[in-house]
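The values are calculated or read from the model by the stated rules, or taken from the named source; none is laboratory data. Keep in mind it's a predicted model, so treat the numbers as computed, not measured. Virtual Cβ from ideal backbone geometry, glycine too; neighbours counted across all protein chains shown.
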Amino acid sequence: MTVSKPEKQQFAEAISIANVPTLLMVLVQLTGDERWLDEPYRPTRVRGLEDNDSGGLAEKIQLEIRDAALRAILAWRAGRSVEIPEPSPTMLVRMLSVAMGEYVPPEYGAFTAAQLGQAPLLNNNEIDLPDDFHAIIIGAGVSGLCAAINLDAAGIGYTVFEKNSSVGGVWWQNRYPGAGVDTPNHLYSFSFATYDWSAYFALRDELQGYLEHVSDQFNVRPNIRFDTQVSRASYQDKEQRWIVETKTTEGRKDTHTANLLISAAGLFNPPAYPSIHGLDEFKGESWHSAHWPRDAQLSAKRVAIIGNGASGMQIAPKIQDEVESLTIFQRSCHWASPFEQFRRAVPDPIRFLLREVPIYQSWYRVRLGWTFNDRIHRSLQKDPLWKYPKRSLNAVNDSHREYFTDYIESELGNRADELMSKVLPDYPPFGKRILMDNGWYRMLRNPKVELVTEKVTRIMADRLIVSDGSEYHADVLLLATGFRVLRLLDSYTVTGRSGVTLSDVWEEDNAKAYLGTVVPGFPNFFTLYGPNVQAGHGGSVIFEIEMQVSYVMDLIRKMAADKLGVVECLQSVHDDYNESIDEAHEKMVWTHQGMETYYRNERGRVVLNSPYRNVDMFSMTREANLTEFRTEPRHQ
């Protein structure tokens, strides 16, 4: 095949600005020449969260790599075979170690192979089940789409019930200014569905567009019933089936049956409202960030925001120049990381390279995975001998504290003396969700903006009163107060085998599940993005969900092979797993008593985060073990 002159020019332009460590990996696979993994071509270690595009290499070495990569890619484009199409796990670990400029443990070989698509989590082999075998999925967000695509690939009949009028879940509902992702979107995407992203960190509209695109690409939309809310699900022991009750937005009620029930309702739903006296007495406009009006007008208005977490940090910098004044009522301090690629567009030549060279796209994603996933996990463990346990966990965590502190001070500029005491946390970095700074600290220099640290105690018709008696007038009140994340599956009732509801088993805010996925007493029921699944140390929740769904699909395959009608996690397996979860958390940052965090409940137990590395979850979910389940033969 001949490569045209214009196309050669496109590749040359792209490779001239491409990420050098990623190009090295492409070179190795395309040519089979392992000398590119040795000196003088080995990149330096990545600093912070940057891409390290130059690899820290001298210009002469970079040019040599780029020239060789161009020749290799053009030869491949012309028809030459890839010399190493599927590197061994050992080889992948070596390659990733070189690409990142640091040691990568051997267990990351299989994990990296899955990320590269060599051992894909999406299995296209059909599962032999009776024609009337059917699954119900609740929710058409990221988790629901992942489950639907996997079931469809296996030839299993399914129906998705979605309360909104389109797919997307949290990205459909949240439309506030600045809404976006704080994980690079080349990583925050399905491993089986790439996309031509316009920015490195996409905003809400593009994220929603991606999920719409995926639903159409895999043709799952015909199986989704939109504007339909699930109200109740009950397991029928004798029939080995679930009964699911629904209600449409028009008021129509229906009852459905299924062999399997998959909850994909997500964590960030419904919204949480603050308990403040007089909240309903405010006479101006007021809304929660999750219910942002399409016609909202803030121009020349006095705006008050309660909350400074992820949504507040995205909203405030975006609206600061539009409003007459902006008063932010801070509930607690947060650590924030420099956001070097904030609002940075992906250059057109790089978009071309990512589209046209799958190996480049895959390795770029893998490198992001290492940077944003497990890299810092070791630094989140408590050192019992550390001298300063109140401010940090260990020496590395203390260096993170020093780095973030210096960054905050530099961003505050000439207001640092005034504001540092208000914004600098007194707990260890990563104790709460680490935020990405999108201009928050620089916004605080704006004379229009006032940061209030006293607690709001009373809201009146046109003002907010705080604990020291000060009053702040406002025309618009915005609630950036997050979601009721600890009350998992709070939007409908699930009743198991013995007639006990899941909310009772979970004691409202103390959810537990084996691998975050299965619960004793609830046969053939699977929770996606369930308790202790979120990797609080970093990474893409989408890949975590893919691992969960892969586990569920393997369990279904084993059910089909053994002609089983029921799988139900053993209580002992569930309890041992959750005991190990709690023990691991006691040694980690999220049980540090110096702060409050939505990760843990009032008992102090961490409910949302996993204490494990992503690679550990990959190993645990790769294959289901039927000895961990109570099973029943399928009824004929």
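What the table below lists for this structure:
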item	result
Meets criteria (of a type in the set (A, V, I, L, M), touching an Asp or Glu at 6+ places or on another chain (Cβ under 9 Å), farther than 19 Å from M313 by Cα and touching a residue at least 40 places away in the same chain (Cβ under 8 Å)) for L424	no
Residue, nearest to I328 (Cα to Cα), within the stretch 421-468, restricted to residues that are of a type in the set (A, V, I, L, M, F, W, C) and assigned to a loop (DSSP other than H, G, I, E, B)	L444
Some residue of the stretch 252-271 being more than 30 Å from A511 (Cβ to Cβ) and without any contact (Cβ under 8 Å) to a residue 40 or more places away in the chain	yes
First in the stretch 24-42 and surrounded by fewer than 20 Cβ atoms within 10 Å (Cβ to Cβ), second anywhere and among the small types (G, A, S) and assigned to a loop (DSSP other than H, G, I, E, B), Cβ under 9 Å, 6 or more apart	P40/A58; R42/G55; R42/G101
Residue in the stretch 147-159 that is part of a loop (DSSP other than H, G, I, E, B), crowded, with 17+ Cβ neighbours inside 10 Å and either in contact (Cβ under 8 Å) with a residue 12 or more places away in the chain or of a type in the set (V, I, T) (or both) present	yes
Residue identified as of a type outside the set (G, A, S), under 23 Å from the mean Cα position of the chain (by Cα) and farther than 30 Å from R365 by Cβ among D504, D509	D509
Some residue of the stretch 339-362 being crowded, with 17+ Cβ neighbours inside 10 Å and at pLDDT below 95	yes
Which numbered condition P523 fails, given (1) out of contact with any strand residue (DSSP E or B) (no Cβ under 9 Å at 6 or more places or on another chain); (2) touching a residue at least 12 places away in the same chain (Cβ under 8 Å)	(1)
Contacts under 6 angstrom Cβ, first residue in the stretch 119-137 being surrounded by fewer than 15 Cβ atoms within 10 Å (Cβ to Cβ), partner in a loop (DSSP other than H, G, I, E, B), 6 or more apart	E126/A154; E126/G155
Members of the stretch 577-636 that are without any contact (Cβ under 8 Å) to a residue 40 or more places away in the chain and β-branched (V, I, T)	T591, T627
Selection status of P177, surrounded by 20 or more Cβ atoms within 10 Å (Cβ to Cβ), outside any helix (DSSP H, G or I) and either modelled with pLDDT under 95 or not assigned by TED's automatic domain parsing to the domain that holds E50 (or both)	no
All positions within the stretch 260-286 that are of a type in the set (F, W, Y), surrounded by 15 or more Cβ atoms within 10 Å (Cβ to Cβ) and closer than 28 Å to G144 by Cα	F268
Entirely in the stretch 471-583, the strands (runs of 3 or more DSSP E) that have 3 or more residues that are buried (at least 19 other Cβ atoms within 10 Å of the Cβ)	476-479, 525-527, 564-569
Wholly enclosed strands (runs of 3 or more DSSP E) of the stretch 256-328 bearing at least 3 residues among the small types (G, A, S) and more than 24 Å from T493 (Cβ to Cβ)	none
